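Notes follow the structure.
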Amino acid sequence: MRNLVVTLIFGLSILFIYGCDEMSPVTSDQELLNRNADASSASVHQAARHATGGFEVWAVDQSNSAGLDHGGAIHIFEGAGLMGESASEKEPLEVVDLAEATTELCQSSTGADPVRPHMLLFNSANTHAILSFVVSGHVVIYDAESREPLDCIRMSEGAGGAIQAHAAFPSPDDSYILVANQNGKLMERIDTDYAANSFFHNTDATLDLAVGQTPNGEDREDPELRPDNAPICPIIDSSSKYGFVTLRGGGLFVVDATETPMEIVAEYDMDHVAGNGCGGIEAGDSMFINSGGGTPANLFTFDLYRFPLEGYDPGNPPNAPERKVVASLDGERDSHGIAVTRHERNLWILDRMANSVEVFDVASGDHVNTIDLTGPFTMNPSPDLAAVSPSGNRVFVSLRGPNPLSGDPHVAEGDSPGIGVLQVTNNGRSGALKTVVPISNMVEENGEMIERADIHGIAVRQVSQ
C-alpha cells in the first residue's frame, strides 16, 4: 500500500499521516508506557521515545512570546503519556520558545523576526521538522531530535510586496519543500538534502499565481474564474510530482513541482472548486481536497472533492481531468483538517464551526457518521488540524483559542486551547473526544489577564530505536 500523503489546514491544517483503527494488532502506545511503569521517570521518558512505536506530539501555539510581537511556541509531548485517562494532566517534554534560538537564526540570516508560526510538518524520515510563519514569511527547518533550528529561509516579495508562508509541505521523497506564499500569491520551492542539512531556496522554480496566463490562455487570476489566487495549502501526491494548490478565492491549480520553473498542468475555476481549501489527502487511488470557510469574505463552506491521480497535462482543457463532488454540506460549516483511517477506509474531516468530525467512506464517498466533539471537556473546541498516533487508536486535534489569530472575523474561535485526544472506534467510522490537554498563554492587558493561546499546527513524530 502506498504511503499516505495527509494535510492540517490550515489551519490547516492539512498533514501527512498513517491512520489505524481501534482494533489494530500493533502494541498500543499506552502499553509501551506501562511496561516501564516501575522505572524512574527519566527511564520511562527514554523508553517511550526510543522503543519501537514510540512517538511525540508537537503542537504549535501561534500567539506571541511573552512581551514580544513575534515568537510563539512549540509544545512537545510524549505521545504515550497522552493515551491514558490522565492525559489532561501531562506536562510537555519540552516547550520550544520561538523567540529564542529560532528568532536569533532568522535575524542573522534574514534580518527579520519570525512572526505567527502556523503549520508544522515532518519529512518522511521524521528527522526534520518544517515550520512556516504565516505573517513574516519565514520557513524554519529543525533537527527533530535536538529541536535545534538548522536554517531559516524567508520567502520572496510577491503581489503588492507581500511576503508570507502560510504552509510549507515536504515532498514524500524528501527532495523539496513546497511553500504557499499566501498574500504574495507565489508558489515557492526549497530544494532539500536532509542528510546533509542542505536547504536551498530555489527562486528559479517560483510560480507566480497572480500574473501570467494558464496553459489555456486564460489569466491565472481572473474575476470570473479565480478572483483571489492567494495559495492556501499545496497538497503533494505520493509520487512527489504534483502539488494540488488550493486558492483563497476559489479555483485550484495542479502544478508540476519538479519542473524549474514550476508548471501549471491543470486549471480549475471557482465554479468547480470553492475557496479556502486546505485539507487534502491521497487515499483510495484518489486525491481528496476540501473547501472551507473561515475568512471574512467566505465564512461558511463545507465541500469535499475527489481528484484523479493521473491525466494531468497542460494540453487539457480547463477543469480537466474531471473532479467529482463527494459532499457539499449546507449551513454554518467550515471544513478544514483531514485524516484517513487504517486501510484507507474512512476520511475524517474536522469542522471548526460545527465542532464535529464528519466521516466519509473512502470507496463510496458516502457520509457515514458525525462525531460531536462538544461535551464535558469543552462546549466549543473549534477543531483545526489532526495527527494520528502510530497505533492508530488516537487522533490528536489542535483546538483553537478564544482569540483566534487567523483573521477578523474568523469562525475558528474556541474555548479550550490545546490538544483534543480522540479515540478511534468501529474501524474508523466512529470515535469520541476522550480528553483535552490544555495549552495556555495568559497575558496581562489593561489590567486583565487574557488567554492568547491559539493552537494551530500539530504533527506526530515517530521516534526510532
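The values are calculated or read from the model by the stated rules, or taken from the named source; none is laboratory data. Note that the coordinates shown come from a computational prediction; the quantities given were computed from them, not determined experimentally. Methodologically, a virtual Cβ is constructed for each residue, glycine included, from the backbone with ideal geometry; neighbour enumeration extends over all protein chains shown.
I'd like the full set of residues that are in a strand (DSSP E or B) and either acidic (Asp, Glu) or without any contact (Cβ under 8 Å) to a residue 60 or more places away in the chain (or both), limited to the stretch 305-329.
Here is the first cut: in the stretch 305-329, the ones in a strand (DSSP E or B) are 305-307, 324-328.
Hits for the stretch 305-329 are 305, 306, 324, 325, 326, 327, 328.
Condition check ((1) more than 28 Å from residue 163 (Cβ to Cβ); (2) among the β-branched types (Val, Ile, Thr); (3) at pLDDT 50 or above) across all residues:
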| residue | (1), (2), (3) |
| --- | --- |
| 44 | yes, yes, no |
| 64 | no, no, yes |
| 73 | no, no, yes |
| 82 | yes, no, yes |
| 108 | no, no, yes |
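When you look at residue 173, is it more than 19 Å from the chain's Cα centre (by Cα) and not polar (S, T, N, Q), yes or no? It is false that residue 173 is more than 19 Å from the chain's Cα centre (by Cα) and not polar (S, T, N, Q). Scanning the stretch 85-112 for residues that are surrounded by fewer than 22 Cβ atoms within 10 Å (Cβ to Cβ) and either on the phi > 0 side of the Ramachandran plot or part of a loop (DSSP other than H, G, I, E, B) (or both) returns 85, 86, 90, 91, 92, 93, 99, 100, 111, 112. Among the candidates 333, 323, the residue that is modelled with pLDDT of 95 or more, crowded, with 17+ Cβ neighbours inside 10 Å and under 16 Å from residue 273 (Cβ atoms) is uniquely 323.
Tell me yes or no: at least one residue of the stretch 136-158 is polar (S, T, N, Q) and within 17 Å of the chain's Cα centre (by Cα).
Filtering the stretch 136-158 for residues polar (S, T, N, Q) gives 136, 146, 156.
From the residues that got through so far, the ones that are within 17 Å of the chain's Cα centre (by Cα) too are none.
There is no residue in the stretch 136-158 that is polar (S, T, N, Q) and within 17 Å of the chain's Cα centre (by Cα).
Of the listed requirements (1) surrounded by 20 or more Cβ atoms within 10 Å (Cβ to Cβ); (2) at negative phi; (3) part of a loop (DSSP other than H, G, I, E, B); (4) not β-branched (Val, Ile, Thr), residue 58 misses just one: (3). Summed over the stretch 160-175, the residues that are free of Cβ contacts under 8 Å to residues at least 60 places away in the same chain and surrounded by fewer than 19 Cβ atoms within 10 Å (Cβ to Cβ) give a count of 4. Within the stretch 234-271, the set of residues being of a type in the set (S, T, N, Q) and part of a strand (DSSP E or B) comprises 246 only.
For the stretch 259-269, check the following and say yes or no: at least one residue is on the phi < 0 side of the Ramachandran plot, surrounded by fewer than 19 Cβ atoms within 10 Å (Cβ to Cβ), in contact (Cβ under 8 Å) with a residue 24 or more places away in the chain and of a type in the set (Ser, Thr, Tyr). Among the residues of the stretch 259-269, at least one is on the phi < 0 side of the Ramachandran plot, surrounded by fewer than 19 Cβ atoms within 10 Å (Cβ to Cβ), in contact (Cβ under 8 Å) with a residue 24 or more places away in the chain and of a type in the set (Ser, Thr, Tyr), which makes the answer yes.
Remark: pairs (first residue in the stretch 331-346, in contact (Cβ under 8 Å) with a residue 24 or more places away in the chain and over 24 Å from residue 301 (Cβ atoms); second residue of a type in the set (Ser, Thr, Tyr) and surrounded by fewer than 24 Cβ atoms within 10 Å (Cβ to Cβ); Cβ separation under 8 Å; 6+ apart in sequence or on different chains) = 342/18; 342/24.
Considering only the stretch 344-389, state which residues are among the hydroxyl-bearing types (Ser, Thr, Tyr), under 30 Å from residue 89 (Cβ atoms) and in a loop (DSSP other than H, G, I, E, B). Passing the criteria: 374, 378, 382, 389.
Just to be sure before I move on: is residue 115 crowded, with 20+ Cβ neighbours inside 10 Å and either over 18 Å from residue 456 (Cα atoms) or without any contact (Cβ under 8 Å) to a residue 60 or more places away in the chain (or both) in the structure I sent? Even if it seems obvious, please write down each step before you answer.
Numbers: crowded, with 20+ Cβ neighbours inside 10 Å: yes; either over 18 Å from residue 456 (Cα atoms) or without any contact (Cβ under 8 Å) to a residue 60 or more places away in the chain (or both): yes.
Considered against the rule, which asks whether it is crowded, with 20+ Cβ neighbours inside 10 Å and either over 18 Å from residue 456 (Cα atoms) or without any contact (Cβ under 8 Å) to a residue 60 or more places away in the chain (or both), residue 115 comes out as yes.
Checking each residue of the stretch 423-431 against the condition of being of a type in the set (A, V, I, L, M), within 21 Å of the chain's Cα centre (by Cα) and either more than 13 Å from residue 385 (Cβ to Cβ) or at pLDDT 95 or above (or both) gives at least one match.
Going by what's in this entry, would residue 392 be described as surrounded by 22 or more Cβ atoms within 10 Å (Cβ to Cβ), not in a strand (DSSP E or B) and not β-branched (Val, Ile, Thr)? Please lay out each step first, then the result.
On the way: surrounded by 22 or more Cβ atoms within 10 Å (Cβ to Cβ): yes; not in a strand (DSSP E or B): yes; not β-branched (Val, Ile, Thr): yes.
So residue 392 fits the description; yes.
Residue pairs whose Cβ atoms lie under 8 Å apart, separated by 6 or more positions or on different chains, with the first residue in the stretch 192-208 and without any contact (Cβ under 8 Å) to a residue 40 or more places away in the chain and within 17 Å of residue 169 (Cα to Cα) and the second surrounded by 19 or more Cβ atoms within 10 Å (Cβ to Cβ) and hydroxyl-bearing (Ser, Thr, Tyr), are 198/192; 200/192. Within the stretch 272-298, the residues that satisfy the criterion of being of a type outside the set (A, V, I, L, M, F, W, C), part of a loop (DSSP other than H, G, I, E, B) and within 22 Å of residue 349 (Cβ to Cβ) are 272, 275, 276, 277, 279, 284, 285, 292, 293, 294. The test for being more than 20 Å from the chain's Cα centre (by Cα) and closer than 24 Å to residue 306 by Cβ does not hold for residue 375.
Touching a residue at least 24 places away in the same chain (Cβ under 8 Å), surrounded by fewer than 19 Cβ atoms within 10 Å (Cβ to Cβ) and within 29 Å of residue 199 (Cα to Cα), is that true of residue 78? Steps first, answer last, please.
Working: touching a residue at least 24 places away in the same chain (Cβ under 8 Å): yes; surrounded by fewer than 19 Cβ atoms within 10 Å (Cβ to Cβ): no; within 29 Å of residue 199 (Cα to Cα): yes.
No: the conditions fail for residue 78.
If you filter the stretch 433-465 down to residues that are small (Gly, Ala, Ser) and over 21 Å from the mean Cα position of the chain (by Cα), you find that the one that is nearest to residue 54 (Cα to Cα) is 464. Out of 225, 178, 209, one residue alone is crowded, with 24+ Cβ neighbours inside 10 Å and over 25 Å from residue 458 (Cα atoms). It is 209.
Is it fair to say residue 354 is modelled with pLDDT of 95 or more, in contact with a strand residue (DSSP E or B) (Cβ under 6 Å, 6 or more places away or on another chain) and under 26 Å from residue 439 (Cβ atoms)? So residue 354 fails the test.
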